[in-house]
Amino acid sequence: MIPHLLALRDPGPPTRPADAIFVLTGGEGRIQEGFRAWSGGGARELHILGAGRTVPVTRIVPEASRFPAEALSRVHVEGWSGNTLENAFSAKSAVGEGKYSSVILVTSDYHIPRAVLAFRKVLPPDVSIAAIRVRSEGGPGAAWRWARLRFLEGWKYWGYRILLRWE
C-alpha cells in the first residue's frame, strides 16, 4: 500500500507536449487512453509496448484508420516485451533512437509505482517522466479487486526495488 501512497507524488501529464508517449499494455483502457492523449497533441510519437509483433495499429485502435498515413507513421507497435522491466528496456531503445528528453507513461493506476520505478532506473537520468493513470474499472467486486491489485502490486514493487538495487 505504501508504494501507492508514494506514487501520488508522481507528476501527472506535463503541461506541454512530450517527445513520446509509452503505453504499457496489459490493462483495460490503457491503449485507448494513450491514443487519445497522443491524438490530442500530448506527444510527437506514440509507442505501444508489448502489443504483439504483427498486430496492425488499426486493429489495436480502430479509430486510427481515420488518421493520415503520415500521422500513423509516428505510432509504433512493439511486440517483444512481456513485463514492466522489458517495457522499460524497449523504451530505452526508443528514447536513444528518438533522442527524447520527455516521456509520458500510460498505465493502470495501480501499476504506476512499479512502472515509474522501472523506467526511472532504466532510462537516462536526463529524461523527464510523467504519467497518465488509467482508472481501474468499477462494478461488482470492485472494492475486492482494488485491494487485491494494490496488495499484489505492492509485493511486485518491493521485488523491483530489491532487483533494481543491484543494477
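Quick test of your reading of the structure: T107 fulfils all but one of (1) among the hydroxyl-bearing types (S, T, Y); (2) under 29 Å from G159 (Cα atoms); (3) assigned to a helix (DSSP H, G or I). Name the failing condition by number.
Answer for T107: the failing condition is (3).
Would you confirm whether or not region 24-32 contains a residue that is modelled with pLDDT of 95 or more and either charged (D, E, K, R) or touching a Phe, Trp or Tyr at 6+ places or on another chain (Cβ under 6 Å) (or both)?
Within region 24-32 (the criterion being modelled with pLDDT of 95 or more and either charged (D, E, K, R) or touching a Phe, Trp or Tyr at 6+ places or on another chain (Cβ under 6 Å) (or both)), the answer is no, since none of the residues qualifies.
All but one of (1) touching an Asp or Glu at 6+ places or on another chain (Cβ under 8 Å); (2) of a type in the set (S, T, Y); (3) modelled with pLDDT of 90 or more hold for S136; state the number of the condition that does not hold.
Single failed check for S136: (3).
What number of residues within region 48-64 are more than 15 Å from I31 (Cβ to Cβ) and among the hydroxyl-bearing types (S, T, Y)?
Residues that pass the stated criteria total 1.
Here are some conditions: (1) modelled with pLDDT under 95; (2) touching a Lys or Arg at 6+ places or on another chain (Cβ under 8 Å); (3) not small (G, A, S). V116 meets all but one. Which one does it not meet?
The number of the failed condition is (2).
Please specify each residue of region 156-167 satisfying the condition of being loosely packed, with under 11 Cβ neighbours inside 10 Å and either touching an Asp or Glu at 6+ places or on another chain (Cβ under 7 Å) or at pLDDT 70 or above (or both).
I162, R165
Anything in region 1-23 that is touching a strand residue (DSSP E or B) at 6+ places or on another chain (Cβ under 9 Å), of a type outside the set (K, R) and either at pLDDT below 95 or in a loop (DSSP other than H, G, I, E, B) (or both)? List them, or say none.
Selection gives A7, D10, P11, G12, P13, P14, P17.
The values are calculated or read from the model by the stated rules, or taken from the named source; none is laboratory data. Predicted model only: the values in this text are computed from it and were never measured. Positions of Cβ are backbone-derived with ideal geometry, glycine not excepted, and every protein chain shown enters the neighbour counts.
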